[in-house]
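Input: a single structure, listed below in structure tokens.
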Amino acid sequence: PQVGAELVPALLPAVLCAAASTHPPDLSNLGRSIAVMLAQAPMSPQLYLALVRTVSAAARSPSWHLRGCLLPMLKLLLYRGQFIEPAGEIRDLLGEVLLQLLRDPQQEVREATMPLLSGFVRLHGEPARLHVLEWAG
């Protein structure tokens, strides 16, 4: 099941660009579906970390469509992250991505990020809650 898995982080930017495409809508829907499938694939902790880093880089894209397309995949990565070691490093990286998206200039991205941040804080407890409170203060 992990044949070619090392190629996933290299393929992800192209998949996300397809997901963010506004023309034609079928390409965008296919890209979003593939991104979610990639987040569900079996992966080693190293591959998972590489995917999270790729998503983190994509969260800095100038395209708000691309930043918004990250959220369904990010939701699955957040859930899976609680089972992968080293949990602290992954938690911190995912938390920074969420806070970055919460500061997004596009309102749709900010609104879609709020439930993810809430779930993230519930999953990771007091350290995540304190980090968000520190960020908000």
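The values are calculated or read from the model by the stated rules, or taken from the named source; none is laboratory data. Just so we're clear, the structure is a prediction, and the values are computed from it rather than from any experiment. For neighbour counting, all protein chains shown are included, and Cβ atoms are generated from backbone atoms with ideal geometry for every residue, glycine included. Side chains included, ligands, DNA and RNA excluded: accessible areas come from the protein's heavy atoms. Shrake-Rupley method; radii C 1.70, N 1.55, O 1.52, S 1.80 Å.
Is there any pair with a first residue in the range 28-52 that is over 18 Å from residue 4 (Cα atoms) and a second that is assigned to a helix (DSSP H, G or I) and basic (Lys, Arg) whose Cβ atoms are under 9 Å apart and which are 6 or more apart or on different chains, and what are they?
Pairs that qualify, where the first residue is over 18 Å from residue 4 (Cα atoms) and the partner is assigned to a helix (DSSP H, G or I) and basic (Lys, Arg): there are none.
If only one of 89, 108, 85 is part of a helix (DSSP H, G or I), more than 21 Å from residue 21 (Cβ to Cβ) and among the charged types (D, E, K, R), which one is it?
Of 89, 108, 85, the one residue that is part of a helix (DSSP H, G or I), more than 21 Å from residue 21 (Cβ to Cβ) and among the charged types (D, E, K, R) is 89.
Among what's in the range 75-93 and is hydrophobic (A, V, I, L, M, F, W, C) and out of contact with any helix residue (DSSP H, G or I) (no Cβ under 6 Å at 6 or more places or on another chain), pick the residue that is least open to solvent (accessible area, probe 1.4 Å).
Ranking the candidates gives 87 first.
Which ones in the range 1-46 are assigned to a helix (DSSP H, G or I), polar (S, T, N, Q) and either farther than 18 Å from residue 64 by Cβ or open to solvent by 80 Å² or more (accessible area, probe 1.4 Å) (or both)?
29, 33, 40, 46
Would you check if residue 49 is open to solvent by less than 70 Å² (accessible area, probe 1.4 Å) and either acidic (Asp, Glu) or in contact with a helix residue (DSSP H, G or I) (Cβ under 6 Å, 6 or more places away or on another chain) (or both)?
no
Which residue pairs have Cβ atoms under 9 Å apart, sit 6 or more places apart or on different chains, and have a first residue in the range 112-137 that is under 23 Å from residue 66 (Cβ atoms) and a second that is of a type in the set (D, E, K, R)?
That search, which allows pairs on different chains as well, returns 113/104; 115/75; 116/75; 119/75; 120/91.
Out of the residues in the range 58-74 that are in a loop (DSSP other than H, G, I, E, B) and either out of contact with any helix residue (DSSP H, G or I) (no Cβ under 9 Å at 6 or more places or on another chain) or open to solvent by 20 Å² or more (accessible area, probe 1.4 Å) (or both), state the one that is farthest from residue 41 (Cα to Cα).
The qualifying residue farthest from residue 41 (Cα to Cα) is 62.
Kindly indicate which of 55, 132, 97, 109 is in contact with a Gly (Cβ under 9 Å, 6 or more places away or on another chain) and open to solvent by less than 20 Å² (accessible area, probe 1.4 Å).
Testing whether each residue is in contact with a Gly (Cβ under 9 Å, 6 or more places away or on another chain) and open to solvent by less than 20 Å² (accessible area, probe 1.4 Å) leaves just 109.
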